[in-house]
Ligand code: UT7
């Protein structure tokens, strides 16, 4: 039997607390004007004390299950893409499994920083298409605010917290029709670790550490690598890039998104951008943006959607899906 991984539903969650650019300009030497012009960000959501990555993930997962018309009992695979797990172990996926009351399927985390959701989506697709699992929750969830150096204006203005989730289902090709994940492309170049990393961790320092980034160097790598990944998935699926209905990018910087739009001859009305109100939520940004596009009626069943991301590692990738 041949299976496809089809999207059944999606869900999003943002913490209530909001931090504006003006709030940040009281903490570090920055301004609303600089942040908006250089990144497109106006404000971001930040988790409150005691609000954990697994809490955000569980909220998004429940919303996705509701959207799919399913319950936690229907799920036999949970993959959480996160760089900010609740604990060193067990995985945040294990904690989410318990919080939403899912049965004893498989559950694990994926760490590919901002590319995490693309890695998780591609991994879930392979599990479902192999016929071993029937329904997966694929979640991107982050509390990046916990690993920010709030005195470093080069990073603390960029990131936000949040979670987004997809429910993917293995369907036989006859049932799926042309829907489902069509292609994915995952890459990492570990020689570029120094461009974006956290200066702490279990083995190195026995501490959590803070985000360190050579922003302009990451910026210079972004448009080329992201475009390469997008072209690769479209070529694999035999679809011209310009034929996509929606471009749902990782929300790192509006100027990176615009650079890709220009390079690949896309139109601005094909782009789902949430960066102004959410900032960069790392692995959560793609499902959050996708959910925003569904919620306001732009993305509809049957549309062709292209996802992309780049992050620490450097990792980068893309996925093409008929939803
Ligand atoms: O999601 C993971 C992947 N991450 C990314 O893709 C992020 C990629 N990088 C970026 O988005 C951009 O590089 C940034 C938004 C981080 C920075 O923008 P930039 O245009 O590359 O600025 P820059 O780093 O070259 O810095 C230009 C100036 C510097 O001042 P001098 O040396 O010219 O006097 C910085 O110190 O801007 C200064 N600066 C700031 N000024 C006000 C850096 N951060 C700030 C700030 N407010 N928050």
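Every number in this text was worked out from the coordinates using simple rules, so none of it is lab data. This structure is a prediction, so every number in the text was calculated from the model and none was measured. We place every Cβ from the backbone using ideal geometry, glycine too, and count neighbours over all the protein chains shown.
Only Cα pairs under 8 Å and 6+ residues apart enter the sum, and on that basis the relative contact order of the range 41-162 stands at 35 percent. Each principal axis of the Cα cloud of the chain was taken in turn, and the coordinate range along them, longest first, works out to 58, 45, 38 Å.
When both bridge partners sit in the range 3-176, DSSP labels roughly 70% of those beta bridges antiparallel. The spread of Cα positions in the range 1-79, taken along each principal axis and listed from longest to shortest, comes to 58, 31, 18 Å.
The orientation-averaged projection of the convex hull spanning the C-alpha atoms of the range 46-126 amounts to 5.6 square nanometres. Once the Cβ-Cβ distance of residue 235 and residue 189 is raised to the sixth power relative to R0 = 30 Å, the FRET efficiency obtained is 0.90. Once the chain from residue 33 to residue 206 is taken as fully extended at 0.36 nm per residue, the excess over their C-alpha distance is 58.5 nm. Below 8 Å between Cα atoms, with a sequence gap of 6+, how large is the relative contact order for the chain in percent? Relative contact order comes out at 25 percent. For the pair residue 106 and residue 23, label points projected 7 Å from Cα toward Cβ lie 3.9 nm apart. A convex hull fitted to the Cα coordinates of the range 180-322 yields 119 cubic angstrom per residue. The distance between label points at residue 216 and residue 263 comes to 1.9 nm (points 7 Å beyond Cα on the Cα→Cβ vector). From the square roots a ≥ b ≥ c of the eigenvalues of the alpha-carbon gyration tensor of the range 217-267, which class results: rounded (a/c under 1.5), prolate (a/b over b/c), or oblate? It comes out prolate by the Cα gyration axes. Helix content alone sets the calculated 222 nm mean residue ellipticity of the chain: runs of n ≥ 4 DSSP H residues at -39500 (n - 2.57) each, divided across all residues, give -10000 deg cm²/dmol. Relative contact order, percent, of the range 135-273 when contacts are C-alpha pairs under 8 Å separated by at least 6 residues? Once divided by the residue count of the range 135-273, the mean separation gives 19 percent.
Take the alpha carbon gyration tensor of the range 3-176, find the square roots of its eigenvalues, order them as a ≥ b ≥ c, and report rounded if a/c is under 1.5; if not, report prolate when a/b exceeds b/c, else oblate. It is prolate, given that a/c is not under 1.5 and a/b is the larger ratio. Multiplying each eigenvalue of the alpha-carbon gyration tensor of the range 116-163 by 5 and taking the square root yields semi-axes of 34, 9, 6 Å, largest first, rounded to whole angstroms.
Based on alpha carbons, the Rg and Dmax found for the range 271-316 are 11.6, 35 Å.
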